[in-house]
Amino acid sequence: MEVRDLSFSYPCGRQILKDISFTAPAGDFLAILGNNGAGKSTLLKCFDHILRPQSGTVTVEGTDLLTLKPAELARQVAFLAQGAEGARLTVYDTLLLGRKPYMKWGVAPEDRAIVEETLARMELEHLAVRYLDQLSGGERQKVLLARALVQEPKVLLLDEPTSNLDLRNQYEVLDLVRQECRRRQITAVMVIHDLNLALRFCDRFLFLHQGQVLAEGPMSVVTPEHIRAVYGIDASVERIQGTPVVVPRL
Amino acid sequence: MNLHRKVSAGLTGRAGYNLLLRRKWLAMAALACLLAALVLVSLTTGSSGLTLGTVLETLLGGGTAQTRAIVCNVRLPRIAAAMAVGAALALSGCVMQGVLHNPLASASTLGVSQGAAFGAALAIIVLDAGTQNAANAASAVTIRSPGTVTVCAFLGGLATTAVVLGLARARRASPTTMILAGVALSSLFSGATTLLQYFADDVQTATVVYWTFGDLGRPGWREIGLIAAVTAAAFLYFLWNRWNYNALEGGVQTARSLGVRVDLLSYASMILCTLIAAISVAFVGTISFVGIIAPHMVRRFTGSDYRFLLPCSALGGGALLLLGDLVSRTVMSPAVLPIGAITSFLGAPVFLYIVFRREAL
C-alpha cells in the first residue's frame, strides 16, 4: 500500500491532512499514532471513501483506491470501526455480509464455504446462530474482524479496535489481527491511542502531528523526542522482559 | 417463540445455521398458510350466510347470479384490497425502520400517511377528483380520477418524507426526535385536512370523512390492481437490496465499507415507501399502525434479516389487515366498523410496548 501526497480539508476550509505520504508492505501491521485531533481517523476515512481527499493517491498493487466504485473498493479495503453497533443479525449472517461486495443476486455456495472456514479457524463456530447484539464486546469485535477477513481485502483498516475491550480481549483481538494479516498478506492500518499495545503488535509506526507525518518507520521511530512532540509529555522507552514499553514521566 | 435459543442449545456452525434457515422458511410457509386460511374465512363471513361449499362453487364458475355478485363484486375485492394494502403498509414500515434505524418508524407514525391523506383530500375537494354518487354511503364514494388522487397523495406524503430525511441527515436526529417531528407533521396535515372539509360542500365532506377512517370496501378492481402492481414493483426493489438493508443494520459506516451506496439506497427506499403508503392511503384511507405491528411481529422469528423480514412482513401485513377486516365486520354485525379504528386499537399497545422495552435497554 502506497500513499502519496494525500491532503484533505473540510468544505469550510480547515485543512486536516497535508501531504501525507508513506508506504506499508503487504502483511505489515502499521500503527497510526497521534494526539486527539491530529487527523488519524480522518486519514483512515480517506482510505475508505467515507471522506474524499482533495488531492493525492492511495495505491494498492497498482490500483488507485480513490477511483474505484463502492463495490470494487469493498473488495480491496475492509473497515473495522470502533464500538460498532450490535445488530439483530446472527453471527453467520454477519459474516455473510462480508461477501456482499462479491454477491450478484444472492449467497453462492462459495460464499458459505469461505464463511464456514473463517468461523472454524477463528473458533467462532459455537456462536454461529447467536444474534450479534447478544454477544459480549470481545466476542462481537472478533466476529466483526472475521467479517472483515471474509471480505478478502488487501488492506484492513482498524479504528480504535480495542477501545471497549478488557485487557485479555485487547490482546486476543490484536493477536488475531496480526496473525491473520500476516497469513493472508493483508496490510493492516490501525489508529490506536495505547502506545504499548501498538509497540507489542505493530511492525511499523506513523506519528501524525497537526495533519502531517512527523515520523514513519519501524520500532526505532518510537523515541522520547517524537512522543514529546506529538503528545507533549516526557516519556522513556524501556524494555521489560524483551518487550518495549513506553513509560511516561509526570 | 425464540428459535435461536433452541438452536443454540443444540447445533452450531453449519448445521445450526441450516436448521435456522429451515425454520425461517417454515415460519414463512406457516404465515402464508395463515393468510390463505384467513382468505377462506373471510370469503364465508358475512350477512348473507354463504357456506364454504357455495363460495368455492361460485369461485369455480358455478353458483347463482346472486352468489356471484356477493363473492366476486363484494367479498373478493375487499379481500384483495386488504391483502394489497396490508402488504404495502407493512413493507413500507419495515423498510423505513431499517433505513432510518428507528423501530418506531412507519408511514403513519412519521406523518407520511397524514400528508398523503391531505394530498388526496385536496385532490377530491379542490381538484374535484372524486364524488359521492348514490344514497348508499358505504359503497358510493367513487374516485373519478385515480391518477390525480394518487399523485396528490404521493406529493403530500413526500413533503413529510423530505422533512424526515432532512432531520435524519442534517441533524442526525434520534429516533425519538424523528417520531416527535412525525407527531407535529401529522397534526399539521390533519388540521389542514379538517380545514379543507370545513370549506367543502356536504357531499365532498362525506367523501373525505368516510375515508379518513379507512374503508377496504371502497376500491374497485382497477384501484386494487394499481396498488398491487406498484407494491409488487417496490417489493422487488426492496428484495434486490435485502443484503444492503442487512449491511445498514450495522450502521452507515459499516454499510459504506461493505460497498453500499448508502445515500442512494436511503433516498430511493424512502421514496418508494412513501409511494406505496400514499397509494394505499389514496384508495382506502388512513389505516394506522399496520406498518409497525406486522414487521415487529415477524421480527421475532426473522430478526433483522431482510431476506426473510421483507416477504414475511408483506404476508403478515396482509394477514393482519384481513383479520382486522374480519373483526370490523363481525363484532357489531351487520354494522361494519371503520378498519382504521380497529388497527389503531391493535397497534397503539404494540407501539407502547416497543417504547417501554427500549426504555428498559
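The values are calculated or read from the model by the stated rules, or taken from the named source; none is laboratory data. Treat the numbers as computed from the prediction; the structure is a model and nothing was measured. Here the Cβ is made from the backbone with ideal geometry for all residues, glycine too, and neighbour counts use every protein chain on show.
What number of residues within region B:192-245 satisfy the criterion of being touching a Gly at 6+ places or on another chain (Cβ under 6 Å) and either at pLDDT 95 or above or within 14 Å of chain A (Cβ to nearest Cβ) (or both)?
Going through region B:192-245 one residue at a time, the tally reaches 1.
Does residue A:64 satisfy the criteria of being surrounded by 23 or more Cβ atoms within 10 Å (Cβ to Cβ) and modelled with pLDDT of 90 or more?
On the way: surrounded by 23 or more Cβ atoms within 10 Å (Cβ to Cβ): no; modelled with pLDDT of 90 or more: yes.
Spelling it out, it is not the case that residue A:64 is surrounded by 23 or more Cβ atoms within 10 Å (Cβ to Cβ) and modelled with pLDDT of 90 or more.
Could you check region B:202-212 and list, in sequence order, the residues that are surrounded by fewer than 18 Cβ atoms within 10 Å (Cβ to Cβ), touching a residue at least 24 places away in the same chain (Cβ under 8 Å) and either touching a Ser or Thr at 6+ places or on another chain (Cβ under 6 Å) or closer than 23 Å to residue B:77 by Cβ (or both)?
Correct list: B:206 only.
Can you tell me how many residues within region B:10-57 are assigned to a helix (DSSP H, G or I), farther than 30 Å from residue A:127 by Cβ and not hydrophobic (A, V, I, L, M, F, W, C)? So that I can check it myself, show each step before the final result.
Pass one, region B:10-57, residues assigned to a helix (DSSP H, G or I): B:13-44, B:52-57.
Subsequent filtering for residues that are farther than 30 Å from residue A:127 by Cβ retains B:32-44, B:52-57.
Remaining after also requiring not hydrophobic (A, V, I, L, M, F, W, C): B:42, B:44, B:53-54, B:57.
Total meeting the criteria: 5.
Taking region A:76-86 as the search range and keeping residues that are more than 23 Å from residue B:20 (Cβ to Cβ) and within 8 Å of another protein chain (Cβ to nearest Cβ), which one is modelled with the lowest pLDDT? If you could, list the steps in order and put the result at the bottom.
Quick first cut of region A:76-86, residues more than 23 Å from residue B:20 (Cβ to Cβ) only: A:76-83.
With within 8 Å of another protein chain (Cβ to nearest Cβ) added as a condition, the list becomes A:77-79, A:81.
Values: A:77: 94, A:78: 94, A:79: 92, A:81: 79.
Only one residue tops the list, namely A:81.
Which residue out of B:268, B:247, B:232, B:278 is touching a residue at least 60 places away in the same chain (Cβ under 8 Å) and either in contact with a helix residue (DSSP H, G or I) (Cβ under 7 Å, 6 or more places away or on another chain) or surrounded by fewer than 18 Cβ atoms within 10 Å (Cβ to Cβ) (or both)? Quick ask: steps written out before the conclusion?
On the way: B:268 fails: touching a residue at least 60 places away in the same chain (Cβ under 8 Å); B:247 fails: touching a residue at least 60 places away in the same chain (Cβ under 8 Å); B:232 fails: touching a residue at least 60 places away in the same chain (Cβ under 8 Å).
After applying the criteria, what remains is B:278.
So, of the residues in region A:87-115 that are of a type in the set (Ser, Thr, Tyr) and within 8 Å of chain B (Cβ to nearest Cβ), which turns out to be farthest from residue A:147 (Cα to Cα)?
In this case the residue turns out to be A:90.
For the condition in contact with a Cys (Cβ under 9 Å, 6 or more places away or on another chain) and of a type in the set (Lys, Arg), what is the one hit in B:299, B:307?
Working: B:307 fails: in contact with a Cys (Cβ under 9 Å, 6 or more places away or on another chain).
Step by step, each of B:299, B:307 is checked, and only B:299 is in contact with a Cys (Cβ under 9 Å, 6 or more places away or on another chain) and of a type in the set (Lys, Arg).
What single numbered condition from (1) surrounded by fewer than 18 Cβ atoms within 10 Å (Cβ to Cβ); (2) out of contact with any strand residue (DSSP E or B) (no Cβ under 8 Å at 6 or more places or on another chain); (3) farther than 22 Å from residue A:5 by Cβ fails to hold for residue A:231?
So residue A:231 meets the others, but not (1).
Consider only pairs whose beta carbons are under 7 Å apart and that are at least six residues apart or on different chains; among these, list those whose first residue lies in region A:136-159 and is farther than 16 Å from residue A:191 by Cβ and among the polar types (S, T, N, Q) and whose second residue is modelled with pLDDT under 95 and in a helix (DSSP H, G or I).
A:151/A:74; A:151/A:101
What are the residues in region A:116-154 that are crowded, with 17+ Cβ neighbours inside 10 Å, assigned to a helix (DSSP H, G or I), within 11 Å of another protein chain (Cβ to nearest Cβ) and charged (D, E, K, R), if any?
A:116, A:125, A:140, A:147
Would you mind finding the one in A:87, A:78, A:74, A:38 that is crowded, with 17+ Cβ neighbours inside 10 Å, farther than 27 Å from residue A:108 by Cβ and not β-branched (Val, Ile, Thr)?
Working: A:87 fails: farther than 27 Å from residue A:108 by Cβ; A:78 fails: farther than 27 Å from residue A:108 by Cβ; A:74 fails: farther than 27 Å from residue A:108 by Cβ.
Step by step, each of A:87, A:78, A:74, A:38 is checked, and only A:38 is crowded, with 17+ Cβ neighbours inside 10 Å, farther than 27 Å from residue A:108 by Cβ and not β-branched (Val, Ile, Thr).
Kindly evaluate residue B:94 against the criterion of being at pLDDT 90 or above and farther than 24 Å from residue B:250 by Cβ.
Details: at pLDDT 90 or above: yes; farther than 24 Å from residue B:250 by Cβ: no.
Answer is no for this residue.
What do you reckon, is residue A:106 part of a loop (DSSP other than H, G, I, E, B), more than 24 Å from residue A:195 (Cβ to Cβ), touching a helix residue (DSSP H, G or I) at 6+ places or on another chain (Cβ under 7 Å) and of a type outside the set (A, V, I, L, M, F, W, C)?
Values: part of a loop (DSSP other than H, G, I, E, B): yes; more than 24 Å from residue A:195 (Cβ to Cβ): yes; touching a helix residue (DSSP H, G or I) at 6+ places or on another chain (Cβ under 7 Å): no; of a type outside the set (A, V, I, L, M, F, W, C): yes.
Considered against the rule, which asks whether it is part of a loop (DSSP other than H, G, I, E, B), more than 24 Å from residue A:195 (Cβ to Cβ), touching a helix residue (DSSP H, G or I) at 6+ places or on another chain (Cβ under 7 Å) and of a type outside the set (A, V, I, L, M, F, W, C), residue A:106 comes out as no.
Exactly one of (1) within 12 Å of chain A (Cβ to nearest Cβ); (2) in a helix (DSSP H, G or I) is unmet by residue B:304. Its number?
(2)
Within region A:18-35, how many residues turn out to be at pLDDT 90 or above, surrounded by fewer than 18 Cβ atoms within 10 Å (Cβ to Cβ) and part of a loop (DSSP other than H, G, I, E, B)?
Going through region A:18-35 one residue at a time, the tally reaches 3.
For residue A:160, indicate whether it is of a type outside the set (A, V, I, L, M, F, W, C), within 13 Å of the chain's Cα centre (by Cα) and at pLDDT below 95. If you could, list the steps in order and put the result at the bottom.
Values: of a type outside the set (A, V, I, L, M, F, W, C): yes; within 13 Å of the chain's Cα centre (by Cα): yes; at pLDDT below 95: yes.
So residue A:160 passes the test.
Please work out which residue is farthest from the other protein chains (Cβ to nearest Cβ), limiting yourself to region B:253-265 and to residues that are in contact (Cβ under 8 Å) with a residue 12 or more places away in the chain and either within 15 Å of the chain's Cα centre (by Cα) or within 30 Å of residue B:114 (Cβ to Cβ) (or both).
By that ranking, first place goes to B:265.
Does region B:58-80 hold any residues that are in a loop (DSSP other than H, G, I, E, B) and either surrounded by 12 or more Cβ atoms within 10 Å (Cβ to Cβ) or in contact with an Asp or Glu (Cβ under 9 Å, 6 or more places away or on another chain) (or both), and which are they? Spell out the reasoning first.
At the first step, the residues of region B:58-80 found to be in a loop (DSSP other than H, G, I, E, B) are B:60-64.
Within region B:58-80, B:63 is the sole residue that qualifies.
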